[in-house]
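Asks: Dropping a structure here in structure tokens format, bear with me for questions.
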Amino acid sequence: MHDILRTFAERVQAAAAARTPLCLRAGGTKDFYGNTPRGEILDPRVWSGIEDYEPSELVMTVRAGTPLAEVEATLAAQDQMLAFEPPHFGAGATLGGCVAAGIAGPRRASSGYTYGSLRDFVLGTRLLDGHGRLLRCGGTVMKNVAGYDVSRVLAGSLGVLGLIVDVSIKVLPRPRAEATLQFECDEPTALDRLNDWGGEPLPLSASAWQDGCLRLRLSGSEAGVRSAVLRLGGERLPEAVAQAYWQDVREQSLPFFAGNTPLWRIAVPSTAEPLALEGAMQVEWGGGQRWLRSDLPAADIRARAQALGGHATLFRGGDRGQGVFTPLSPALHAIHQRLKAEFDPAGVFNPGRLIRDL
Amino acid sequence: MQTTLAPAFQNRPDAQEAAALLRSCVHCGFCSATCPTYQILGDELDGPRGRLYLMKQVLEGDRPTAKTRLHLDRCLTCRACETTCPSGVQYGRVLDTGRQLVNEQLPRPLLSGLVRRLLAVWLTGPLFAPAVAMGRLLRVLPAAQAAGVVPHRLHARRMLLLAGCVQPALSPNINAATLRVFDALGITLQVAPDAGCCGAIRHHLDDHDGALSEARRNIDAWWPAVEAGAEAIVLNASGCGTMLHEYGHLLRHDAAYAAKAARISALVRDVAEVLPALVGQLAPRLRERQPQRVVFHPPCSLQHGQKIRGAVESMLTTLGAEVLPFADAHLCCGSAGTYSLLQPQLSRELRDRKLAALGAPRPEVILSANIGCLTHLAGGTPLPVQHWIEWLDAQLA
Amino acid sequence: MDDSAVIESRPEVIDGLRRLLPARALLVAAEDTRPYECDGLTLIRQRPMAVALPETEAQVVAILKLCHAHQVPVVPRGAGTGLAGSALPHAGGVLLSLAKFNRILGVDRRGRTATVQPGVRNLAISEAAAPFGLYYAPDPSSQIACTIGGNVAENSGGVHCLKYGLTLHNVLRVRGYTSAGEPVEFGSLAPDAAGLDLLALVIGSEGMLALTTEVTVRLVPRPTVARCLMASFADVGDAGDAVAALIAAGIIPAGLEMMDQAATRLVEPFAKAGYDLEAAAVLLCESDGTVDEVEAEIAHMSQVLRDARATRLQVSTSEAERLTFWAGRKNAFPAAGRAAPAYYCTDGTIPRKHIGQMLKSIQAMEQRFGLACPNVFHAGDGNLHPLVLFDDSDPDSVARAEAFGAEILEESVRLGGTVTGEHGVGVEKLNQMCSQFDRATLDAFLGVKRAFDPAGTLNPGKVIPSLHRCAEYGRQRVTGGAVSFPDLPRF
């Protein structure tokens, strides 16, 4: 074991022995997310760097403390990218934090498979668990079904199972061409169109509706994007404007996200009708992700999300004391507790961050 | 699959052959997907792979019980599995031997054996036609389309036609239509008076010796015409065609008949094999009319038994029909010879599924190529059900 | 000789099952259960105490509860096409077949999902979705027969998963039961279900974490057109390099497959695909999308392949021809039955750059073990499927085949890959799991198993090797001992 990792392991073992909670935190760009962090800070940024990257293998293996910006710049130099377009939410974002948060950006809206959620691209990890064991799960190849897929569970786990040490991530070539189209329409029309277009072989790579305006991004080959632009019509945005816009969607820097009104992320089946809740709305991911700025009681918002077949997360702000995620069914909750007990029996990692009693 | 023959079977050629054929099965399970009974019953033992396993056990010396026989009896012998099988397992042949070995070790109960024997005698005997006529008279059976005028011109090209046993009684127009179409193409079809049932009915009712006798009788009946240069033995019931193709194999150990049987098998042609090259000549004689929406149900004996696929459909398209695609065209309709009588529940379920699939594209008529399928399907639908050659005959002005 | 004796029969369990199930849905006699003694992996066989063929979900729950109460193992089974023995029965257990759960519960055109029972065949989903211009993307070669329940258990791939993903990427929701018969639902129709992503754990867990009774899959729009480019190479190393060259050129083909000469010669008689039988290796590269897009991509791929020393290129000119190109590839495994009485297919995955080297290593092993080994690869994924041909009636041939397969897997691990890309570990690759993972990680896997199935009754003994087994395997590898499955009945 590398000296740095040995230090981490000793720290974890000491914390376990003393039953002292540890807060896994690098740049702190996602402190706002999840239930309120607590515990002594364990900062993985001393474990930084790209361990392995061969563009023709479409895989990059990265230490958890590596800045996300460094990862993306290295990929861009080879005309490749992280296909889930993760938000940074600040300059200090690291790859480990990105994976632990499990948040994907606008590119997840893909109608084919090509792009998807963050966990779809995690191929392997090394994890330092609560016993101080360094586990190596998954691998660096495209397909791997040896053993349980523990790596992908770490995506979005908010660090509750252990410290992610390295991640091997599948990367993709950047699309040769992109175009963004804009349509004036109300929310029901936007949802109708998104679901219609989702059933057609179109290279959709992002969608956002807000304030009477639907914007669509197309990514792919020159020919594919050209024919899709012809098929869809609408007003084409200049590429520089479009890129700035999608960057703002990704980083939540649009005016919609400003201010202190609680921000809810409501995930629903893409065909779900408009939420029709009091508050401002932004629709993304072909209709599957709906942002809501609202002071309504959490119970009302959760009930509406559930009625539409989805779930609601208090993403930013608001009263975070009651748990920001949708509660689990008793059977799933029991499995979560037993998993936690297996990986982190002393409960040292990010206690309560994902589920209040976990 | 490796099979170690039990001592009792080690010197039996049929058992040796079955064990050798079993060797090519790699247990991939692709066959289950296209097995009609597995689709309904969902039990490995009611699919080809499980049946092969059951027969392997018998060959290895395990005494079968009625359960093994039940699963073998439920097989339709549609041979869809053979079409699917990438390793080329000749399932039908293994099954013939398997059924025989089971029956030897476990004779059928008196009643069930008797039913089978009576069926064989009745269906292929002289009493069947009068019985059908009586059924029609009593309105128990639907009326058949009249046969119409049969041509008697003699052409230079001559082929033999197997008239069949149950078909002339159930649907006399099929042979008449065949004769007319061939006449229009300048070919005389001769029917040998002494030829009769092809033997398939007895073969599938466990009466192997009876089936072989019928095969020998047919060979004798055709031999003079074969010697005289008949181009082919033409069939318009694909079930019989499959059986005739087996003559060479079934009689391979019969010194007196082996060579003749092989020759006969080599001369067998379904009408669907003979006509594609010739239908062009009929174009000037076709009636002008709107293309009719038809579905063609390919009998298993045509598509799996004789591996004739797509020929009828493309011919019908050439002749101006709109041939509609439908789901699961590879699956059996449940007729399968005497199966509809011996396994009525499964047979009816398969028929209903088949008719639902055939009816989905809203055809005006259902066409097929074997008397068993035609009768079976007609019993469950208000749509007209015809042999495709009858349809073709009706297009000719 | 009964080489698969039931170790212990439990009359009280059998009696209980009789009360739960109609006679047609319970098989106990050896005559009936032996045909269930293996799945697609015939090297290892075991007769179960009983086979249950439930017809309702209530029966499934009752069986689970009964077995849980009596500590009797339950082994789920779909179509029995698996190649790693994940559905190998347990000697004292109940084999629970889900084959009768074969209904498509609904296809949602607008939402682009299909909800199906676990016994629905993979291909049947795409057939049901076809009228809406949609299909289910993962297409394992056995897709005609394999069921979605099995696909979920194995995280099955296919020839198009480089671009369209594995089962994991295309399943939204799995509903089922724990080993104790408690209802559970993983994932959801909405993105990113709350809590840990347990769906990712359940998919590929080889039926050890939960029993699946309903699956919702994502459907994707069928591309306007797909064409397949077939490229010949005079050297297997060139073909391997061409794969890396395509990816390096920024192309993600819809499918990228390789067959070596032995493989093309094996399948051509069945498939009649017109493969170049003189080429040392053939690559099948598929492009899909709009007409313009495909034309441009085919041109780009052709250029890259020519630069990578392709000796001949042929592009499919019709959908029928494209399907014929694939037919040989998809039927390659069972077609081995035409060349030898048995085949042993392994499933290692390696970094693409090592494909050429791996093929050469396998050629050397063919000499050493005296067995032929045609190769078909999911080249785009680096996923190998060497088919070791052997004679299962000759114990020596069987032993050499097992050793051959094991060595390929060891080589895969050595090259930085994995012992299984898509077929699963089952019982077949238990030994090699000891090479790929350290004990701590294997123990963590055992922890995952306990978290889902504390009683350990759901498909026990698969995937995760015991400490004892790894010690035994380590000793054999040192001494060159032969028996790779010391605690399993021999074939």
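Asks: Taking the residues in the range A:172-197 that are within 14 Å of chain C (Cβ to nearest Cβ) and part of a loop (DSSP other than H, G, I, E, B) as candidates, determine which candidate is surrounded by the most Cβ atoms within 10 Å (Cβ to Cβ).
Replies: A:175
Asks: Here is a further query. Of the residues A:152, A:226, only one is of a type in the set (Lys, Arg), part of a helix (DSSP H, G or I), facing another protein chain (nearest Cβ under 9 Å) and surrounded by 22 or more Cβ atoms within 10 Å (Cβ to Cβ); which?
Replies: When all the criteria are applied, what remains is A:152.
Asks: Inside the range B:7-53, can you point out the residues that are within 23 Å of residue C:344 (Cα to Cα), among the aliphatic types (A, V, I, L, M) and within 25 Å of the chain's Cα centre (by Cα)?
Replies: Residues satisfying the conditions are B:21, B:22, B:33, B:52.
Asks: Can you confirm whether residue B:59 is at negative phi, out of contact with any Cys (no Cβ under 8 Å at 6 or more places or on another chain) and not acidic (Asp, Glu)?
Replies: yes
Asks: Any chance you could count how many residues in the range C:157-188 are more than 9 Å from every other protein chain (Cβ to nearest Cβ), among the polar types (S, T, N, Q) and within 21 Å of the chain's Cα centre (by Cα)?
Replies: Summing the residues that are more than 9 Å from every other protein chain (Cβ to nearest Cβ), among the polar types (S, T, N, Q) and within 21 Å of the chain's Cα centre (by Cα) in the range C:157-188 gives 1.
Asks: A follow-up question, please. Could you tell me whether the range C:223-234 includes any residue that is at the interface with chain A (Cβ under 8 Å from one of its Cβ atoms) and either at pLDDT below 95 or touching a Phe, Trp or Tyr at 6+ places or on another chain (Cβ under 6 Å) (or both)? Don't jump to the end; show me each part of the working.
Replies: To start, the set of residues in the range C:223-234 that are at the interface with chain A (Cβ under 8 Å from one of its Cβ atoms) comprises C:223-224.
So of that shortlist, the ones also either at pLDDT below 95 or touching a Phe, Trp or Tyr at 6+ places or on another chain (Cβ under 6 Å) (or both) come out as C:223-224.
Checking the range C:223-234: at least one residue is at the interface with chain A (Cβ under 8 Å from one of its Cβ atoms) and either at pLDDT below 95 or touching a Phe, Trp or Tyr at 6+ places or on another chain (Cβ under 6 Å) (or both).
Asks: Spot the failing condition for residue A:116; the list is (1) farther than 28 Å from residue A:338 by Cα; (2) free of Cβ contacts under 8 Å to residues at least 60 places away in the same chain; (3) assigned to a strand (DSSP E or B), and only one is missed.
Replies: Of everything listed in (1) farther than 28 Å from residue A:338 by Cα; (2) free of Cβ contacts under 8 Å to residues at least 60 places away in the same chain; (3) assigned to a strand (DSSP E or B), residue A:116 misses just condition (3).
Asks: Take the residues in the range B:59-78 that are among the β-branched types (Val, Ile, Thr) and assigned to a loop (DSSP other than H, G, I, E, B), then tell me which one is nearest to residue B:92 (Cα to Cα). Write out each step before concluding.
Replies: So the first thing to find is which residues in the range B:59-78 are among the β-branched types (Val, Ile, Thr), and the list is B:65, B:68, B:77.
Checking which are assigned to a loop (DSSP other than H, G, I, E, B) leaves us with B:65, B:77.
Numbers: B:65: 21, B:77: 6 Å.
Going through the qualifying residues, I end up with B:77.
Asks: Please state which one of B:246, B:231 is acidic (Asp, Glu) and assigned to a helix (DSSP H, G or I). Step through it out loud before you land on a result.
Replies: On the way: B:231 fails: assigned to a helix (DSSP H, G or I).
Just a single option satisfies the conditions, and that option is B:246.
Asks: With respect to residue B:225, determine if the residue is outside any loop (DSSP other than H, G, I, E, B), modelled with pLDDT under 95 and either surrounded by fewer than 16 Cβ atoms within 10 Å (Cβ to Cβ) or under 16 Å from the mean Cα position of the chain (by Cα) (or both).
Replies: Working: outside any loop (DSSP other than H, G, I, E, B): yes; modelled with pLDDT under 95: yes; either surrounded by fewer than 16 Cβ atoms within 10 Å (Cβ to Cβ) or under 16 Å from the mean Cα position of the chain (by Cα) (or both): no.
Answer is no for this residue.
Asks: Still on this structure: Only residues that are farther than 14 Å from residue C:261 by Cα and part of a loop (DSSP other than H, G, I, E, B): list them for the range C:348-386, please.
Replies: If the condition is that a residue be farther than 14 Å from residue C:261 by Cα and part of a loop (DSSP other than H, G, I, E, B), then C:348, C:350, C:351, C:370, C:371, C:382 are the ones that fit.
Asks: Among the candidates B:129, B:143, B:176, single out the residue that is assigned to a helix (DSSP H, G or I) and more than 25 Å from residue B:277 (Cβ to Cβ). First the steps, then the outcome.
Replies: Values: B:143 fails: assigned to a helix (DSSP H, G or I); B:176 fails: more than 25 Å from residue B:277 (Cβ to Cβ).
After ruling out the rest, the residue left standing is B:129.
Asks: Right, something else. Only one of (1) part of a helix (DSSP H, G or I); (2) without any contact (Cβ under 8 Å) to a residue 60 or more places away in the chain fails for residue C:48. Which number is that?
Replies: Failing condition for residue C:48: (1).
Asks: Is it fair to say residue A:200 is surrounded by fewer than 18 Cβ atoms within 10 Å (Cβ to Cβ), in a loop (DSSP other than H, G, I, E, B) and in the same structural domain as residue A:291 (by TED's automatic domain parsing)?
Replies: Judged against the criteria, residue A:200 is not a match.
Asks: Still on this structure, please answer the following. Could you tell me whether any residue of the range B:90-107 is assigned to a loop (DSSP other than H, G, I, E, B) and closer than 21 Å to residue C:33 by Cα?
Replies: Taking the range B:90-107 and keeping what is assigned to a loop (DSSP other than H, G, I, E, B), we get B:90, B:106-107.
Of the ones still in play, those that are also closer than 21 Å to residue C:33 by Cα are B:106.
Yes, because at least one residue in the range B:90-107 is assigned to a loop (DSSP other than H, G, I, E, B) and closer than 21 Å to residue C:33 by Cα.
Asks: Turning to a different aspect of this structure: List the helices (runs of 4 or more DSSP H) inside the range C:395-491, counting only whole elements, that have at least 2 residues being within 14 Å of chain A (Cβ to nearest Cβ) and at pLDDT below 95.
Replies: Of the helices (runs of 4 or more DSSP H) lying wholly inside the range C:395-491, those with at least 2 residues that are within 14 Å of chain A (Cβ to nearest Cβ) and at pLDDT below 95 span C:395-414, C:430-436.
Asks: Inside the range B:2-42, can you point out the residues that are free of Cβ contacts under 8 Å to residues at least 60 places away in the same chain, of a type outside the set (D, E, K, R) and at the interface with chain C (Cβ under 7 Å from one of its Cβ atoms)?
Replies: Correct list: B:2, B:27, B:28, B:29, B:30, B:32, B:33, B:42.
Asks: Name the pairs whose Cβ atoms lie under 9 Å apart, with the first residue in the range C:319-335 and surrounded by fewer than 24 Cβ atoms within 10 Å (Cβ to Cβ), the second in a helix (DSSP H, G or I), and 6 or more positions between them or separate chains?
Replies: Close Cβ pairs (under 9 Å, with a partner that is in a helix (DSSP H, G or I)) amount to C:324/C:271; C:326/C:271; C:327/C:267; C:327/C:270; C:327/C:271.
Asks: For the range C:354-361, indicate whether the set of residues that are within 14 Å of chain B (Cβ to nearest Cβ) and in contact with a helix residue (DSSP H, G or I) (Cβ under 9 Å, 6 or more places away or on another chain) is non-empty.
Replies: Checked against the condition, which is being within 14 Å of chain B (Cβ to nearest Cβ) and in contact with a helix residue (DSSP H, G or I) (Cβ under 9 Å, 6 or more places away or on another chain), the range C:354-361 yields no hits at all.
Asks: Just checking, does the range B:48-69 include any residue being under 24 Å from residue C:332 (Cβ atoms), surrounded by 23 or more Cβ atoms within 10 Å (Cβ to Cβ) and more than 8 Å from chain C (Cβ to nearest Cβ)?
Replies: The answer is yes, given that some residue of the range B:48-69 is under 24 Å from residue C:332 (Cβ atoms), surrounded by 23 or more Cβ atoms within 10 Å (Cβ to Cβ) and more than 8 Å from chain C (Cβ to nearest Cβ).
Asks: Would you point out which residue out of A:65, A:97, A:90 is part of a helix (DSSP H, G or I), in contact (Cβ under 8 Å) with a residue 12 or more places away in the chain, more than 11 Å from chain C (Cβ to nearest Cβ) and not aromatic (Phe, Trp, Tyr)? Can you show your working first?
Replies: Working: A:65 fails: part of a helix (DSSP H, G or I); A:90 fails: part of a helix (DSSP H, G or I).
After applying the criteria, what remains is A:97.
One line per residue, one yes/no per condition, for (1) modelled with pLDDT of 95 or more; (2) away from chain B (no Cβ under 14 Å); (3) more than 30 Å from residue C:377 (Cβ to Cβ); (4) assigned to a strand (DSSP E or B):
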{"site": "C:41", "(1), (2), (3), (4)": "no, no, no, no"}
{"site": "C:79", "(1), (2), (3), (4)": "yes, no, no, no"}
{"site": "C:96", "(1), (2), (3), (4)": "yes, no, yes, yes"}
{"site": "C:102", "(1), (2), (3), (4)": "yes, no, yes, no"}
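Asks: Given the conditions (1) closer than 24 Å to residue C:146 by Cα; (2) assigned to a loop (DSSP other than H, G, I, E, B); (3) not aromatic (Phe, Trp, Tyr), report the number of the one that residue C:72 does not fulfil.
Replies: Going through (1) closer than 24 Å to residue C:146 by Cα; (2) assigned to a loop (DSSP other than H, G, I, E, B); (3) not aromatic (Phe, Trp, Tyr) one by one, residue C:72 breaks only (1).
Asks: Can you tell me which of A:339, A:358 is under 14 Å from residue A:21 (Cα atoms), outside the structural domain of residue A:288 (by TED's automatic domain parsing) and not in a strand (DSSP E or B)?
Replies: Details: A:339 fails: under 14 Å from residue A:21 (Cα atoms).
Only one candidate passes the filter, namely A:358.
Asks: Mind checking whether some residue in the range A:288-305 is facing chain C (nearest Cβ under 7 Å), over 27 Å from residue C:452 (Cα atoms), crowded, with 23+ Cβ neighbours inside 10 Å and within 17 Å of the chain's Cα centre (by Cα)?
Replies: Looking for residues that are facing chain C (nearest Cβ under 7 Å), over 27 Å from residue C:452 (Cα atoms), crowded, with 23+ Cβ neighbours inside 10 Å and within 17 Å of the chain's Cα centre (by Cα), one finds at least one in the range A:288-305, hence yes.
Asks: Residue C:129 is checked against (1) aliphatic (A, V, I, L, M); (2) closer than 23 Å to residue C:429 by Cα; (3) more than 9 Å from every other protein chain (Cβ to nearest Cβ) and fails just one. What number does that condition carry?
Replies: Only one criterion is unmet by residue C:129, namely (2).
Asks: If you don't mind, another one. Considering only residues that are at positive phi and either free of Cβ contacts under 8 Å to residues at least 40 places away in the same chain or in contact with a His (Cβ under 9 Å, 6 or more places away or on another chain) (or both), which ones fall in the range C:408-446? Reasoning before the result, please.
Replies: Taking the range C:408-446 and keeping what is at positive phi, we get C:416, C:424, C:426.
If the condition is that a residue be at positive phi and either free of Cβ contacts under 8 Å to residues at least 40 places away in the same chain or in contact with a His (Cβ under 9 Å, 6 or more places away or on another chain) (or both), then C:416 is the only one that fits.
Asks: If I filter the range C:189-207 down to residues being facing chain A (nearest Cβ under 7 Å) and not aliphatic (A, V, I, L, M), which single residue comes out as surrounded by the most Cβ atoms within 10 Å (Cβ to Cβ)?
Replies: C:205
The values are calculated or read from the model by the stated rules, or taken from the named source; none is laboratory data. A quick note: this is a predicted structure, and the numbers were derived from the prediction, not measured. Quick reminder, even Gly has a Cβ in these numbers, built from the backbone with ideal geometry, and neighbours come from all protein chains shown.
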